[in-house]
Each structure stands twice: as structure tokens, then as C-alpha cells.
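To start, the structure itself, in C-alpha cells.
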Amino acid sequence: MNVQVKVWFEEEGRPVFGEGRYTLLKTIEREGSISKAAKKLNMSFKSAWVHLGRAEENLGIKLLERSRGGAGGGYTVLTDRAKDLLRMYEQLNEEVKEYSEKKFTALVRNEG
């Protein structure tokens, strides 16, 4: 038996950032494109765009720098603020999981 935890950020009771948006941003970072990331994650471009727009609006920060396609093609890169957000989420997520696993193991052993 093990314990599972989820970390997400809320603003006034509304979820604004969690595993789904984290995964979308990490995939955009790897792929360099919203459309390629959406395809990789089996979601529509529109759905990806809506999730990103809501996240930017709710977080109050710009997450992406975009260049429309053309002769050389377009690209999308994460802003420095987005990269900071990803690092913060990764660190917090890892620390919460580690703590939860240690605490759960102690409780199971009745070491409380």
C-alpha cells in the first residue's frame, strides 16, 4: 500500500495551475509548439489554447512567447516566469510527495 497526493495552486478557491497545465507547458517547452504539444498529449489545439489562456489570466502572468508561422515556421517558448512556475511546482510537488510517503510509512508502522 502507498499514498498518493496531488498538488495544485488555487486563487480564491479556483484551481489555476496543476499537473495538467504543468504537463502541457513542459510538452510545449520540449516541442517548441502549442499544436505539436497538443497533438502529443492527444488534445485539440483549441483545448490547449483555452487552458493556457485561463492559466495566464488566473495567474496574472504571461506564460508563452509566440511567433506565428511563416516561411520558417512559428515557434512557442516559455517565458522566464513560466519556467520559474514550473520549477516551483516541481520542487513543491516533489517535497510534498516525499513528506507524504515518509509520514504514511511512519503511520503504517504506528510510529506516528
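Only the coordinates and a few stated rules stand behind these numbers; no lab work does. Since we're looking at a predicted model, the values are computed, not measured. Positions of Cβ are backbone-derived with ideal geometry, glycine not excepted, and every protein chain shown enters the neighbour counts.
Do the sum for the chain: with -39,500 (n - 2.57) for every DSSP H run of n ≥ 4, divided by all residues, what is the mean residue ellipticity at 222 nm, to the nearest 500 deg cm²/dmol?
-19000 deg cm²/dmol
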Fill in: Partners for K83 among lysines (Cα-Cα distance below 16 Å; same-chain residues under 8 apart left out)
K26, K62
Response to the item:
Listed with the fewest Cβ neighbours within 10 Å leading, L86, L107 appear as L107, L86
Worksheet item: What share of Cα pairs, in percent, lie more than 25 angstrom apart in the chain?
Response: 33
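Please quote Rg/Rh for the stretch 18-63 to two decimal places, taking the Kirkwood radius as Rh and restricting both calculations to Cα atoms.
Dividing the radius of gyration by the Kirkwood radius yields 0.94.
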Worksheet item: At a Förster radius of 25 Å, what calculated FRET efficiency corresponds to the Cβ-Cβ distance of R81 and E12, to the nearest 0.05?
Response: 0.80
Worksheet entry | Straight-distance crosslink candidates among lysines, where the alpha carbon sits under 27 Å from K103 and sequence neighbours closer than 8 are dropped | K6
